[in-house]
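A short write-up of the structure that comes next.
The values are calculated or read from the model by the stated rules, or taken from the named source; none is laboratory data. Computed from a predicted model, the values in this text were never measured in an experiment. Note: ideal-geometry Cβ built from the backbone for every residue, glycine included; neighbour counts use all protein chains shown. These area figures cover heavy atoms from the full protein model, side chains too; ligands, DNA and RNA do not enter into them. Shrake-Rupley method; radii C 1.70, N 1.55, O 1.52, S 1.80 Å.
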Amino acid sequence: MTDEQYNEANKIYFERCAGCHGVLRNGATGKALTPDLTRELGFEYLQSFITYGSPAGMPNWGTSGELTPEQVDLMANYLLQDPAAPPEFGMSEMRESWVVHVPPEDRPTQQENDWDLDNLFSVTLRDAGQIALIDGTSYEIKSVLDTGYAVHISRMSASGRYLFVIGRDAKINMIDLWMAEPDTVAEIKIGSEARSIETSKMEGWEDKYAIAGAYWPPQYVIMDGETLEPLKIKSTRGMLYDEQQYHPEPRVAAILASHYRPEFIVNVKETGKILLVDYTDLKNLKTTEIEAERFLHDGGLDSTKRYFITAANARNKLVVIDTKEGKLVSIEDTGGQTPHPGRGANFVHPTLGPVWATSHLGDESVALIGTDPEGHPDNAWKIVDTFPALGGGSLFVKTHPNSKYLYVDATLNPDAETSGSIAVFDTTTLPDPETDPEFITLPIAEWAGIAEGQPRVVQGEFNKEGTEVWFSVWNGKDQESAIVVVDDKTLELKHVIKDERLVTPTGKFNVYNTKTDTY
Ligand code: DHE
């Protein structure tokens, strides 16, 4: 390959592939792609796999038109070469990138706009590198703000004032929602690849700290919650929890804030460790390291917010942590392939009691884990039921305490009709585990009325009251996308939000639900 070709392939790899296969190509959600393996598979195998994808979650980069045939060939060639290691990113690089646009003393002392902040949605506009702030009642796009590249998630400060957005390029924007025109008040870059951001939520520590986790370099950083000043960087490189062999790239996946202790819960993917990072004394940092399972990815809290349930996705396991006691409770096989819950969904099953749900990337199953050790001790932290939804390629499940429905997407399913639909289960009539429940299929992409492309439906998110659920209809960058709002009582279409500024909408984060961990 020429230098020019290698650089182009490198760029595509970091933008499209590294998230699943790892910067050093050691594999995680996706398979390992080190040259010893790829040379065995050969050019033609790689070319066809990149072109057509697989039902287990590999996107069809070629047939979807995201990569041209020349780019597919380039990538197949690139994977036969040795991986390139990107540079380290420490305190000096972070400080260099850190900008406080509006210092805390120059910010409003009360809300200066008339927005209904609790029912505002922050919507990821993935390929535009922006977020849209959309009013949850009028569906009006109040503002579109520039953020990092291929922006990934939004999280809220405990007070609901500050919105934190992180891009895949590890750039964080901190947005003050109290300003007359909400805007970025501070920004920083914490590495070259990142996925997670969270803020301190323990009583007495609200809005005090923010934390972000990086894929590259493998590390997390605790920052001042009002300015993003980087205070403490911790590398996550180290030993696999089980074999106790060194791993050079243990990436930081989901981070959640404990409501029971002044701690951040940090998933370290490749080494399979969950870190409980005590933020009361950053100079004498105390961390509880829990041996969990390898390939930790995403997860959320149960309805009491005491237990953290997270997927070790490539191991088909759910891991449960007691955030009050600070220890491992259980590790359960879900019975499905590659659990991918997002933050999961909490509801009360008619016979099994309180449960938390996950769907799967690699097959059509939904798994329920019992979450009530007091009232239903026999079911607690066990997989109590699994049943099929629409198909493989599911990314997110969603419900709300005021809803009786469980919504399950199939975003990455290769079939266009399936990836454009949502399965809805009535949680109040779920049968005993021996019988598979029926579900209703909502043709969300069809409702959006988009003529071009092959839009995928992704990630339901409720409004504050739990009366409406929003889905993104995620199309190509140059094609029309939309957000479809469904009435949760009638399961009928309520509204379609379309606007030329809605470029590749994916994640949606309702301010109230996000700050209170309601799901
Ligand atoms: Fe995500 C959450 C990582 C691809 C949309 N995603 C997460 C989290 C991680 C993660 C670690 C949990 C963050 C937390 O809670 O702190 N995502 C990754 C990847 O490594 C992966 C597989 C590949 C990549 O290259 O990035 C990946 N993610 C995607 C997408 O392609 C999605 C569907 C569209 C997009 O916008 O990029 C996507 N990820 C999301 C969303 C959440 C998320 C919407 C938050 C869900 C929630 O309800 O909290």
| query | If you go through region 235-246 one residue at a time, do you hit one that is small (Gly, Ala, Ser) and part of a loop (DSSP other than H, G, I, E, B)? | reply | no
| On the given criteria, is residue 196 more than 11 Å from the ligand (Cβ to nearest atom), among the hydroxyl-bearing types (Ser, Thr, Tyr) and crowded, with 18+ Cβ neighbours inside 10 Å? | no
| query | Is one or more of the residues making up region 442-458 closer than 22 Å to residue 519 by Cα and surrounded by fewer than 18 Cβ atoms within 10 Å (Cβ to Cβ)? | reply | no
| message | Anything in region 185-197 that is within 25 Å of residue 27 (Cα to Cα), part of a strand (DSSP E or B) and of a type outside the set (A, V, I, L, M)? List them, or say none. | response | 189, 193, 195, 196
| task | Would you mind stating whether residue 249 is of a type in the set (Asp, Glu), farther than 15 Å from residue 163 by Cβ and open to solvent by less than 10 Å² (accessible area, probe 1.4 Å)? | result | yes
| message | Considering only region 209-220, I want to know if a residue exists there that is under 22 Å from residue 18 (Cα atoms), open to solvent by 30 Å² or more (accessible area, probe 1.4 Å) and part of a strand (DSSP E or B). | response | no
| remark: Only one of (1) among the polar types (S, T, N, Q); (2) within 19 Å of the chain's Cα centre (by Cα); (3) assigned to a loop (DSSP other than H, G, I, E, B) does not apply to residue 310, and that is (3)
| said: For region 484-496, which positions are outside any loop (DSSP other than H, G, I, E, B) and open to solvent by less than 10 Å² (accessible area, probe 1.4 Å)? | reply: 484, 485, 486
| query | Is there a residue in region 485-496 that is away from the ligand (no atom under 15 Å from the Cβ), without any contact (Cβ under 8 Å) to a residue 12 or more places away in the chain, in contact with a strand residue (DSSP E or B) (Cβ under 9 Å, 6 or more places away or on another chain) and over 30 Å from residue 308 (Cα atoms)? | reply | yes
| task | Could you tell me whether region 34-52 includes any residue that is assigned to a helix (DSSP H, G or I), of a type in the set (Lys, Arg) and in contact (Cβ under 8 Å) with a residue 40 or more places away in the chain? | result | yes
| query | Across region 497-519, what is the total count of residues that are away from the ligand (no atom under 16 Å from the Cβ) and either of a type in the set (Val, Ile, Thr) or farther than 19 Å from residue 456 by Cα (or both)? | reply | 1
| message | Going residue by residue through region 322-333, is there one that turns out to be among the β-branched types (Val, Ile, Thr), buried (at least 21 other Cβ atoms within 10 Å of the Cβ) and more than 13 Å from residue 258 (Cβ to Cβ)? | response | no
| field | residue 79 over 25 Å from the mean Cα position of the chain (by Cα) and surrounded by fewer than 14 Cβ atoms within 10 Å (Cβ to Cβ) | value | no
| Looking only at region 199-224, which residues are small (Gly, Ala, Ser) and either touching a Leu at 6+ places or on another chain (Cβ under 6 Å) or within 16 Å of the ligand (Cβ to nearest atom) (or both)? | 200, 210, 212, 213, 214
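This table checks each residue for (1) crowded, with 24+ Cβ neighbours inside 10 Å; (2) at pLDDT below 95; (3) in a loop (DSSP other than H, G, I, E, B); (4) on the phi > 0 side of the Ramachandran plot.
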residue	(1), (2), (3), (4)
144	no, no, no, no
150	no, yes, yes, yes
154	yes, no, no, no
174	yes, no, no, no
179	no, no, yes, no
205	no, no, yes, no
| said: Checking residue 345 against (1) under 21 Å from the mean Cα position of the chain (by Cα); (2) at pLDDT below 95: exactly one of these is not met. Which one? | reply: (2)
| query | Do you know which residues across region 1-13 are open to solvent by less than 30 Å² (accessible area, probe 1.4 Å) and within 14 Å of the ligand (Cβ to nearest atom)? | reply | 12, 13
| task | Working carefully through the options 340, 349, find the one that is touching a strand residue (DSSP E or B) at 6+ places or on another chain (Cβ under 8 Å) and open to solvent by less than 10 Å² (accessible area, probe 1.4 Å). | result | 349
| note | Residue count, region 284-307, condition part of a strand (DSSP E or B) and away from the ligand (no atom under 15 Å from the Cβ), comes to 7
| Taking region 250-272 on its own, how many of its residues are closer than 30 Å to residue 399 by Cβ and more than 12 Å from the ligand (Cβ to nearest atom)? | 7
| request: Inspect all residues belonging to region 414-425 and state whether any of them is more than 26 Å from residue 355 (Cα to Cα), surrounded by 16 or more Cβ atoms within 10 Å (Cβ to Cβ) and in contact (Cβ under 8 Å) with a residue 60 or more places away in the chain. | output: yes
| request: Would you check if there is a residue in region 42-54 being within 16 Å of the ligand (Cβ to nearest atom) and not aliphatic (A, V, I, L, M)? | output: yes
| message | Return the residues of region 269-297 that are at positive phi and either among the polar types (S, T, N, Q) or open to solvent by less than 10 Å² (accessible area, probe 1.4 Å) (or both); say none if nothing qualifies. | response | 272
| field | region 14-38, residues that are aliphatic (A, V, I, L, M) and near the ligand (Cβ under 8 Å from one of its atoms) | value | 18, 28
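Would you check if there is a residue in region 469-478 being away from the ligand (no atom under 15 Å from the Cβ), among the aliphatic types (A, V, I, L, M), farther than 19 Å from residue 64 by Cβ and open to solvent by less than 10 Å² (accessible area, probe 1.4 Å)?
Within region 469-478 (the criterion being away from the ligand (no atom under 15 Å from the Cβ), among the aliphatic types (A, V, I, L, M), farther than 19 Å from residue 64 by Cβ and open to solvent by less than 10 Å² (accessible area, probe 1.4 Å)), the answer is no, since none of the residues qualifies.
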